[in-house]
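Below is one structure, written out as structure tokens, with a few remarks after it.
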Amino acid sequence: MNGDFLALLPKTNFAQLGVAASCPEPIQATTVFAFHCKDGIIIAGDHRATAGNIIFSDKTEKILELDSHSLIAIAGVPATAFEMARTLQTTFEFYRRSQLQPMSLKAKIRALSRLLRDNLPATLQGFGVVQPIFAGVEVGDANGKPAIFFYDPLGAQFEAATYAGSGSGSGSIKSVLHYLERWGQPPPAEMPLDEAVTLAVRLLMTAAEFDAATGGVHPDRRLFATIKLLSRDGIRSIPMEEQERCWREATHD
Amino acid sequence: MTEEPYRWLEAIGNRREYIRDQLKGGTPVFALSRPEGILLVGVGQGASKVFEIYDRHGFAALGHPVDIEKIRQAAIEAAHMEGFNRSARDVTLRRLIGFALSTTLKNAFEQIYSPPIIVESIFAEVGDAPEEDVIVRVHFDGNHRYESNGIVVAHTDSKQEEEAAGWLRQQIKQNDSLSRAGSLCLAAWRHLIDGKPFAELQPPSDAVNKVNGKIVEAALLDRKLPGPVHYRPVDLAKFNN
């Protein structure tokens, strides 16, 4: 009789959400992240896709352009995540063309949230967990700034003030980004593009150091990441040559 | 009444006449296949004549605004469903017109107890090179014609339409700029509105990029635009080339 009502519940037949279900650990074997820099938002990811301890592919694109001003970084079960990205691509373009105006940023964020919520049964059963990062700009607002949003697997969305990460390797990346935001000189949000690109490559190499499911980024073997810059002007992919140049200049290689 | 064949024919004839009469207030639209892409030109109230359909597809039309909207939505829906179920490369004008739009138009035209669709239109699909461009002239009854010479005009009067297209073919040279091509379209537009014969029309010496009291609607299905979307609205007055 310690007065803890919640402790009483399991002793009765009262049905509790989530407790009785045997839910395997979410599969999020990847690393994707986004952070603000001086020129906009850097959004990046490695190329590895895994199935358990098997490396399924080292050439997977996880940063997907949804339209001219929004991106998704996918972490989770590829089958569901890629389908969500494809659905959103068509949803945004269909709206823009049929309604003769771009979909608002809020509506885009909600659209992804809705897809995640619709995926609830697969999420609860453990085989369809998706935990994406979304980055976008309000196209209709001339002063709109790029924004980063991250989601929980059930569809709740949160705006990230400075950075967001998802996937099994994101823990170490988020620690580094937190440290740099707090004590970095300059913090990532004030970094020029070249510096931000090098940081993105280094972050992925750091994640790969501690997470077997993150990989495929080896500047010494000329293997780089997918890095994109989102700004008011739209999306720009940072090509391998540019990543290599930034990397060499930063390391004086 | 219409169960008798000749009555049905009469009803269809009346319907055709009625639609042509309704179309008389419409103003022409143009599609030109150019080295840069396909230029679509119309004159209206802004977002009323020239539209984007899909990644490589555009649409220009004249007629009743509600019916233009109906056809536009039908085309967009069919294109996006196909692009989603298969891929963007599977969305082709030939399939869009042949299997989705022309049958809809023909059925609507022949359902004599339902309101007709009052639209004359041009659909365009940009290819990797001008030879691969597809431009289709689609009529209100579903009848359509694939144009291979790269210059298409849609107007209410078929004779004037042909005359205007012939004049543009004579006037537009291979290396003309988009600005020049647009000027010639607007000169032809004015001439069609005035209902004058094209034999006496001299090409404008200065750039024509405005129509008083109206909005020039122009778009380019830009061949060189990076990314999947090739359609971009253009301002003929701001073309420098």
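Results, tabulated for the structure shown:
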item: Conditions (1) outside any loop (DSSP other than H, G, I, E, B); (2) more than 30 Å from A:ARG96 (Cα to Cα); (3) among the polar types (S, T, N, Q): number failed by B:SER183; result: (2)
item: Residue match in the stretch A:186-209 (condition: assigned to a loop (DSSP other than H, G, I, E, B) and touching a His at 6+ places or on another chain (Cβ under 6 Å)); result: no
item: Scope the stretch A:42-57; condition assigned to a strand (DSSP E or B) and free of Cβ contacts under 8 Å to residues at least 12 places away in the same chain; matching residues; result: A:ALA51, A:ILE54, A:PHE56, A:SER57
item: Qualifying residue in the stretch A:243-252 (condition: among the β-branched types (Val, Ile, Thr), surrounded by fewer than 16 Cβ atoms within 10 Å (Cβ to Cβ) and in a helix (DSSP H, G or I)); result: yes
item: Residue within the stretch A:181-189 that is touching a residue at least 12 places away in the same chain (Cβ under 8 Å) and polar (S, T, N, Q) present; result: no
item: The listed residue being surrounded by fewer than 20 Cβ atoms within 10 Å (Cβ to Cβ), in contact with a Pro (Cβ under 7 Å, 6 or more places away or on another chain) and of a type in the set (A, V, I, L, M, F, W, C), out of B:ALA88, B:ALA47, B:ALA74; result: B:ALA88
item: Among residues of the stretch A:160-199, those that are of a type in the set (D, E, K, R) and at pLDDT below 95, counted; result: 0
item: Options B:ILE117, B:ILE135, B:ILE151, B:ILE172: the member that is in contact with a Ser or Thr (Cβ under 7 Å, 6 or more places away or on another chain), in contact (Cβ under 8 Å) with a residue 24 or more places away in the chain and under 20 Å from B:ALA60 (Cβ atoms); result: B:ILE135
item: Qualifying residue in the stretch A:208-215 (condition: more than 23 Å from A:ASP39 (Cα to Cα), surrounded by 16 or more Cβ atoms within 10 Å (Cβ to Cβ), within 18 Å of the chain's Cα centre (by Cα) and among the polar types (S, T, N, Q)); result: yes
item: Test result for B:VAL66, more than 14 Å from chain A (Cβ to nearest Cβ), under 30 Å from B:LYS159 (Cβ atoms) and in a strand (DSSP E or B); result: no
item: Any hit, the stretch A:162-171, residues being part of a helix (DSSP H, G or I) and under 23 Å from A:ALA208 (Cα atoms); result: yes
item: Residues of the stretch B:212-241 satisfying the condition of being modelled with pLDDT of 90 or more, assigned to a loop (DSSP other than H, G, I, E, B), away from every other protein chain (no Cβ under 14 Å) and surrounded by 13 or more Cβ atoms within 10 Å (Cβ to Cβ); result: B:LYS214, B:ARG223
item: Among the residues listed as A:LEU154, A:LEU100, A:LEU116, the single one being away from chain B (no Cβ under 14 Å) and out of contact with any Lys or Arg (no Cβ under 9 Å at 6 or more places or on another chain); result: A:LEU116
item: Meets criteria (more than 26 Å from B:PHE51 (Cβ to Cβ), among the acidic types (Asp, Glu) and modelled with pLDDT under 95) for A:ASP141; result: no
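The values are calculated or read from the model by the stated rules, or taken from the named source; none is laboratory data. What you see is a predicted model, and the numbers here were worked out from it, not measured in a lab. FYI the Cβ positions are ideal-geometry reconstructions off the backbone, even for glycines, and counts take in every protein chain you see.
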